[in-house]
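> Can you keep this structure in mind? I'll have questions shortly.
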Amino acid sequence: MNKPVVPIKTPIFGRSGFPTPIGPIPFLFLGVLSQSSMSLIQQGVAVLGVLFVRQYHLSLTGLGILVVAPSLGMMVGLIPVGWIVDRIGPRKLLFIVTGPMAALVWTVGEVHAFGLLWLALFAMGITFGTVPGVGTKAVFLAFAGRDRGLPMGIRQTGVPIGAALSAFLLPHWVSVWGMAGLFSRLAGIIILGSLGFALVIPAASRRTVTQPAVPVRQLWKALAFPAMISMLLVGAQYDMLTFTIPDLVQQHGLTLAMAGIVLAVAQIGGGLGRVGFGMLSDRVSGHRPRVLGWTALIAGGATLGVSVLPHHVPFGILLVLWLILGTGAVGWNALALTWAGESVPVEHAGLAMTTMASLIYVGAVLHPPLFGFIADHTGSLTYSWIWLTGCLAVAFLLNWLGQQRRRRKSL
């Protein structure tokens, strides 16, 4: 009796057969750098939120509306990006968009009216949708035939790395350079990050650009369930990013610098979570969905802890609690995108992942204004954190029920 043939996987970081002019590790490094340069700005808008509140006399609801402008732009831009990247390839698209993207970043620092600022941030977000669309597709294709969970998780660490750097650096930089000087320098940073990555992405093959479109019904069937869970999970990521500093300053008496350190630590936890959960999802039975449920459980436990904190809390406890919160609240994203990319034929992976990302940004747009609205109308952020805990509990329950359903189907 012949034994079944077990396919041998290529080592994840093996140089042999890797389709780029550089090895897997430097390729991932440049991918992370590209994402970080964009996230430094996109997530930095929330970090600068306290300054926007003072400049424009905003309520917490108003702050939520302002900081979601880049996310709303990304939500609009991501779906066409997925369609384009599947046809002309990630390299060419990133070269085309880098210039307009940097120009809009510069524009944000030059406008002064609230309405114009919101429009500039929204337009900037539309171009920003190129960066995750290109990055996820480039890494997904480059690591074909290898375990993708870990490299996709590493690439996605660019988001919390950018957010952590923004929490550490932007409050200081804006005090030195002002808004105009800050955003002109950020425009230069995003040019360097984007072009550095574009230069090492392989050109698209003819086979890639002539594939027929995936049926919309098939795409929706593959993405509906993970998207529903992810739209709940993203609330933890963006509510934490937007309201951590106001919460720590107003309710716990921290300085702006100390609150920025706590938020940066949370983002470090998110980066570690994206790598660790990605690695686990390559090895655990149930793969991406099962590990995704763990992230909801971790984030929900942490937000519940935040909601019951007394006013006077040692700084070390805040650091530990927000580290745990960031691990779950930020660590889930790469799992959801990889789950989406693996749910359709590989030639449509770019569209699937960017469609998934766009649906996630629907949640990113809705959550912060609602979080701020609850705080404004109850007089306390505590009830907002409790609301977020409920959202994460629903995400965990839906994920668990989905796993049970898949298990019954496989019997």
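The values are calculated or read from the model by the stated rules, or taken from the named source; none is laboratory data. As the structure is a computational prediction, the values presented were derived from the model and not from experiment. Because the Cβ atoms are built from the backbone with ideal geometry, glycine has one as well, and the counts that use them run over all protein chains shown. Keep in mind that these areas ignore ligands, DNA and RNA; they rest on the heavy atoms of the full protein, side chains included. Shrake-Rupley method; radii C 1.70, N 1.55, O 1.52, S 1.80 Å.
> How many residues does region 381-405 contain that are loosely packed, with under 13 Cβ neighbours inside 10 Å and not hydrophobic (A, V, I, L, M, F, W, C)? Talk me through it step by step, then tell me what you get.
So in region 381-405, the residues loosely packed, with under 13 Cβ neighbours inside 10 Å come out as 401, 404-405.
Still in the list and also not hydrophobic (A, V, I, L, M, F, W, C): 404-405.
So the count comes out to 2.
> So GLN55 fits all but one of (1) under 20 Å from ALA204 (Cα atoms); (2) without any contact (Cβ under 8 Å) to a residue 12 or more places away in the chain; what number is the exception?
Single failed check for GLN55: (1).
> Among the candidates LEU165, LEU141, which residue alone is modelled with pLDDT of 85 or more and either in contact with a His (Cβ under 8 Å, 6 or more places away or on another chain) or surrounded by fewer than 24 Cβ atoms within 10 Å (Cβ to Cβ) (or both)?
Values: LEU141 fails: modelled with pLDDT of 85 or more.
Answer to the selection: LEU165.
> I'd like the residue in region 281-323 that is surrounded by 18 or more Cβ atoms within 10 Å (Cβ to Cβ) and more than 17 Å from ALA393 (Cα to Cα) and, out of all such residues, is farthest from the chain's Cα centre (by Cα).
LEU318
> Output the residue which, of all residues in region 12-27 that are of a type in the set (A, V, I, L, M) and assigned to a loop (DSSP other than H, G, I, E, B), is least open to solvent (accessible area, probe 1.4 Å). Walk me through how you get there before you give the answer.
Residues of region 12-27 that are of a type in the set (A, V, I, L, M), as a first pass: 12, 22, 25.
If we keep only those that are assigned to a loop (DSSP other than H, G, I, E, B) as well, we get 12, 22.
Working: ILE12: 28, ILE22: 46 Å².
So, considering only residues that are of a type in the set (A, V, I, L, M) and assigned to a loop (DSSP other than H, G, I, E, B), the one least open to solvent (accessible area, probe 1.4 Å) is ILE12.
> Within region 336-349, is there a residue that is touching a helix residue (DSSP H, G or I) at 6+ places or on another chain (Cβ under 8 Å), free of Cβ contacts under 8 Å to residues at least 60 places away in the same chain and closer than 22 Å to MET279 by Cα? Outline the logic, then answer.
So the first thing to find is which residues in region 336-349 are touching a helix residue (DSSP H, G or I) at 6+ places or on another chain (Cβ under 8 Å), and the list is 336-344, 346-349.
In the following step, the residues that additionally are free of Cβ contacts under 8 Å to residues at least 60 places away in the same chain were identified as none.
No, every residue in region 336-349 fails to be touching a helix residue (DSSP H, G or I) at 6+ places or on another chain (Cβ under 8 Å), free of Cβ contacts under 8 Å to residues at least 60 places away in the same chain and closer than 22 Å to MET279 by Cα.
> Taking only pairs six or more apart or across chains, which ones have beta-carbon atoms under 6 Å, a first residue in region 363-388 that is charged (D, E, K, R), and a second residue that is modelled with pLDDT under 90 and assigned to a helix (DSSP H, G or I)?
ASP376/LEU60; ASP376/THR61
> Filter region 114-138 for residues that are under 26 Å from LEU30 (Cβ atoms) and open to solvent by 40 Å² or more (accessible area, probe 1.4 Å) and give the result.
Matches in region 114-138: ILE126 only.
> Can you name every residue in region 28-63 that is outside any helix (DSSP H, G or I) and either in contact with a Cys (Cβ under 9 Å, 6 or more places away or on another chain) or open to solvent by less than 10 Å² (accessible area, probe 1.4 Å) (or both)? Spell out the reasoning first.
Looking only at region 28-63, we keep the residues that are outside any helix (DSSP H, G or I), and these are 43, 48, 57-59.
Selection gives GLN43, LEU48.
> Which pairs do you get when a residue that is among the charged types (D, E, K, R), found in region 105-127, comes within reach of a residue that is buried (at least 21 other Cβ atoms within 10 Å of the Cβ), reach meaning Cβ atoms under 8 angstrom, with the pair 6+ apart or on two chains?
Every condition considered, the pairs that remain are GLU110/PHE183.
> All but one of (1) more than 18 Å from PHE225 (Cα to Cα); (2) in contact (Cβ under 8 Å) with a residue 24 or more places away in the chain; (3) assigned to a loop (DSSP other than H, G, I, E, B) hold for PRO310; state the number of the condition that does not hold.
(2)
> Looking at (1) open to solvent by less than 10 Å² (accessible area, probe 1.4 Å); (2) under 26 Å from SER175 (Cβ atoms); (3) touching a residue at least 60 places away in the same chain (Cβ under 8 Å), which one does GLY269 not meet, given that it meets all the others?
Here GLY269 meets the rest and fails (2).
Results for (1) open to solvent by less than 50 Å² (accessible area, probe 1.4 Å); (2) closer than 30 Å to PRO19 by Cβ; (3) at pLDDT 95 or above, shown as yes or no for each residue.
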site: ILE201; (1), (2), (3): yes, yes, no
site: VAL214; (1), (2), (3): yes, yes, no
site: ARG217; (1), (2), (3): no, no, no
site: ASP247; (1), (2), (3): yes, no, no
site: VAL265; (1), (2), (3): yes, no, no
